[in-house]
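A.B. asks: Just dropping this structure here.
The values are calculated or read from the model by the stated rules, or taken from the named source; none is laboratory data. Worth saying up front: this structure is predicted, and the values here are computed from it rather than measured. The protein model used for the area step is the full one, side chains on, heavy atoms only, and it has no ligands, DNA or RNA in it. Shrake-Rupley method; radii C 1.70, N 1.55, O 1.52, S 1.80 Å.
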Amino acid sequence: MTWAGALVYLIYCEQIGSCFKPFGHSHRRRRGKPLSDALVWFAGFPTDEADDLEELRNRLAHDYTLRGDHPDARVFALHGSSQEPVLQRVGQNILVGLPALALRIETELNLKLLLLAEDGELLCHHPNGLAGVHQRFWMAILGPGDASGPI
């Protein structure tokens, strides 16, 4: 896997967090943290790990680096297999297992979204509702075997 693929997965999660939240979730949406919120709400990440992945997304998307600007900044290293943990902290370094991240998003996050949608517990907080999500992102959450339209 490449960093570009990881960036696409993280952007996908960011868009999910900017549009949806679980009904009755005890955590409020954090302003400016849609990626982190999506990872916490739908993929079961602890907040600190989700925030680390949001920092990784920002670095990859904005300055294409795994190192911060100042000497004490954390350094990300991308590695792993699908059997490795998604994140491991080693001192100031954060090791990110890209295959494990992709697998967690493809399975846990997407399954949670589907189950919440089927149960009517997926809330859309996009300003224009589901129609706004569809118009802006051209995406929908479909039920199993349902190609007729979004839930």
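A.B. asks: Run the accessible area of segment 51-123 with a 1.4 Å probe and give the carbon-and-sulfur part as a rounded percent. Could you put the intermediate results ahead of the total?
C.D. replies: Numbers: 1950 of 3960 Å².
So the carbon and sulfur contribution to the accessible surface is 49 percent.
A.B. asks: Which value, in Å², gives the accessible area per residue of segment 55-131 when a 1.4 Å probe is used on the protein heavy atoms? Walk me through the numbers before you get to the answer.
C.D. replies: Working: 4420 Å² over 77 residues.
Averaged over the residues of segment 55-131, the accessible area is 57 Å².
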